[in-house]
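The values are calculated or read from the model by the stated rules, or taken from the named source; none is laboratory data. Please read these numbers as outputs of a predicted model, since none were measured by experiment. Every residue, glycine as well, gets a Cβ built from its backbone with ideal geometry; the counts of neighbours run over all protein chains shown.
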Amino acid sequence: TNSQEDVNIIRSPHNDIDIPNATITEFLYSRMENYHKYTATVCAETGRSYTFEQLRIKSRNLSKALRKILKLEKGDTVALLLPNLPEFPICVFGPLEAGLIVTTINPLYTAEEISRQLLDSSAKAIITLVSSHETAKSALILSKRKIPIVTIKSREDQNLPQGAISFNELIDNTINIPDIPPGSPDDIAILPYSSGTTGLPKGVLLTHRNIVSNTCQVTCPGLDISIKPTDSYQDIIPAVLPMFHIYGLTVGIFGSAKNGSRQVCLRRFTPELYISVLKNYKITLIYAAPPLVLFLTLHSDVKMEYLEHVRVVTSGAAPLGALDEERFLQKAPKSKMVQGYGLTETSPVVTMCTVKLFDQGKGTGSIGQVVPNTETKFVAIDDPTGKPLGPNQSGELLVKGPQVMRGYHNRPEETKNAFQNGWFRTGDLGHYNEHQVFFLTDRLKELIKVRGFQVAPAELEEIIRDFSAVEDAAVIGVPDDINGELPRAYVVPKKGKPLKEQDLVEYVAKKVAPYKQLKGGIEIVDAIPKNAAGKILRRQLKLKYMKA
Ligand code: AYL
């Protein structure tokens, strides 16, 4: 019956919240006013830092420069090719304030990978730093585009490469033109890339409203883990999760701006640098992904006393087992550990464990409960009726809420397939229990997650099939203790062409970022298992691997 079905639609245990009807910068600037004098970001290596007020002033300068000097127009896209720097928030707020769209690119990408995103997103400018300027230039040559490269000098002694526009000048000079009128909250704001359930990476259309909603949802009463700054206290967060990823953007940059927390930016993860941050700052909150939790637990140089002031650790982006949670808590007995779950397509957070659930011991190994203003249901795999399943029944998780994306950029077909009757299909398998606590058990979609990073099998397959000695190929993720999963290729060689596995590994390594490389191995096979429609039967390959 309808009422039975309605019972099985799971809503948040938290009260609904009012979502401000504002753009991201309108909303966050009004919050940042409360924290103007506090440090917002600081570089772990150089100590270079910005207060919230400086972020605000420099973002406004950048926004005007992008319009006036670079001649960008409302709705144009700016690509960020940047590691975590204290300037990163400026590079996001500036374009947003100017009514532009921000697409974030992984700074570890090869020129080829960058050029694909530049083309697909029709980026009109790039912001990068001196050390990536050459790669950005190569990417532009590959994509046959001529767009300005704005370059950040991240050290005093650096010289600006030829042809680069000086970021530092743009943010330090105030152009005397009227403030740019704010756009609509329903304009597209952020365009991150995700492969979704199948195929190649696609631009995810996230509006200002999507992002403002999720920023407020994850900091609602009951979920807010921050303490607002005072003269004697400020939350300090090591910012190592990439800010180009939606987790680092929404939870890291936007959440910290809303709450007045300080982010200590690590350009890259090395145990030494991370440990130096733990030693030199009184860290109070840690946003983590499973490999970081394992590092904190297992590395002998991470001393218990470094974690003494850590109130809460959140982990998301990939599964973390109950045992791993427990082992971490033995090393940090004063802190709480809560997992969050979501996707790029949902801005990202869908469920989150509360400190209360954690204290009651009901959250262990779970992804928590639904965030406010959001509805979810579990549906039997491929059930076209979309009938919601009851507690402890395993199915695909579907989501409705203000954080769900508009769709995929220029991909009507994929956008259509991502929804069922207005419900967004996550491609994740799990269930909820009698406390309406959620658990994930598997991934239905073909996506591979290496250290929490997305790897699209279709992208690797395309590259491998281009290799001269290869007839056909399929890629799956295989389990790995540290990385979660690693990409593994099944390859059919061309007749009469000898295929050296090492050659293929090296060929792929030149074309993709390190985490996408075929570290799960290569296996030569006679044929790739496919269904009648030619779709690769990845489950069969996974089973074959598990049995071997
Ligand atoms: P994307 N446990 C298991 N798998 C997870 C989890 C989790 N806690 N979180 C995300 N995933 C997987 O777009 C899941 O398969 O966004 C999901 O479909 O890179 C896929 O990752 C989405 O990958 C937070 C903190 C969400 C982080 C995130 C990260 C979103 C990752 C909520 O509180």
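Data table
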| quantity | calculated |
| --- | --- |
| Residue satisfying all of: in region 426-457; in contact with a Ser or Thr (Cβ under 7 Å, 6 or more places away or on another chain) and under 19 Å from PRO388 (Cβ atoms); surrounded by the most Cβ atoms within 10 Å (Cβ to Cβ) among these | PHE438 |
| Subset of region 23-51 [aromatic (Phe, Trp, Tyr) and within 16 Å of PHE93 (Cα to Cα)] | PHE27, TYR29, TYR50 |
| Strands (runs of 3 or more DSSP E) (entirely within region 226-345) containing at least 3 residues that are more than 16 Å from THR39 (Cβ to Cβ) and out of contact with any Pro (no Cβ under 8 Å at 6 or more places or on another chain) | 312-315, 336-342 |
| Qualifying residues in region 458-486 (those that are within 16 Å of the ligand (Cβ to nearest atom) and within 19 Å of TYR193 (Cα to Cα)) - the one surrounded by the fewest Cβ atoms within 10 Å (Cβ to Cβ) | ALA458 |
| Set GLU326, GLU375: member being more than 10 Å from the ligand (Cβ to nearest atom), over 22 Å from GLY484 (Cα atoms) and among the charged types (D, E, K, R) | GLU375 |
| Test: residue in region 184-191 that is within 16 Å of the ligand (Cβ to nearest atom) and either among the hydrophobic types (A, V, I, L, M, F, W, C) or surrounded by 14 or more Cβ atoms within 10 Å (Cβ to Cβ) (or both) | yes |
| Top-ranked residue in region 1-58 [being surrounded by fewer than 20 Cβ atoms within 10 Å (Cβ to Cβ) and basic (Lys, Arg); ranked as nearest to GLU156 (Cα to Cα)] | ARG48 |
| Any hit, region 146-160, residues being surrounded by fewer than 16 Cβ atoms within 10 Å (Cβ to Cβ), touching a residue at least 24 places away in the same chain (Cβ under 8 Å), polar (S, T, N, Q) and in contact with a helix residue (DSSP H, G or I) (Cβ under 6 Å, 6 or more places away or on another chain) | yes |
| Output for region 86-131, where each listed residue is of a type in the set (S, T, N, Q) and surrounded by fewer than 24 Cβ atoms within 10 Å (Cβ to Cβ) | ASN106, THR110, SER115, GLN117, SER121, SER122, SER131 |
| Single residue of GLU33, GLU26 found to be within 22 Å of MET243 (Cα to Cα) and acidic (Asp, Glu) | GLU26 |
| Criterion (without any contact (Cβ under 8 Å) to a residue 60 or more places away in the chain, closer than 29 Å to GLY203 by Cβ, of a type outside the set (Asp, Glu) and touching a Pro at 6+ places or on another chain (Cβ under 8 Å)) met by exactly one of VAL370, VAL379 | VAL379 |
| Residue among GLU471, GLU501, GLU459, GLU506 that is acidic (Asp, Glu) and modelled with pLDDT under 95 | GLU501 |
| The listed residue being under 30 Å from LYS202 (Cβ atoms), touching a residue at least 40 places away in the same chain (Cβ under 8 Å) and β-branched (Val, Ile, Thr), out of THR346, THR385, THR354, THR364 | THR346 |
| Close pairs from region 418-441: first closer than 12 Å to ILE10 by Cβ, partner more than 16 Å from the ligand (Cβ to nearest atom) and assigned to a strand (DSSP E or B), Cβ under 6 Å, at least 6 apart | TYR432/ILE10; GLN436/ILE10 |
| Total residues in region 416-453, condition within 12 Å of PHE378 (Cβ to Cβ), near the ligand (Cβ under 9 Å from one of its atoms) and of a type outside the set (A, V, I, L, M, F, W, C) | 3 |
| Tabulated pairs, region 246-258, first charged (D, E, K, R), second within 13 Å of the ligand (Cβ to nearest atom) and part of a helix (DSSP H, G or I), C-beta under 8 angstrom, 6+ apart or interchain | LYS258/THR215 |
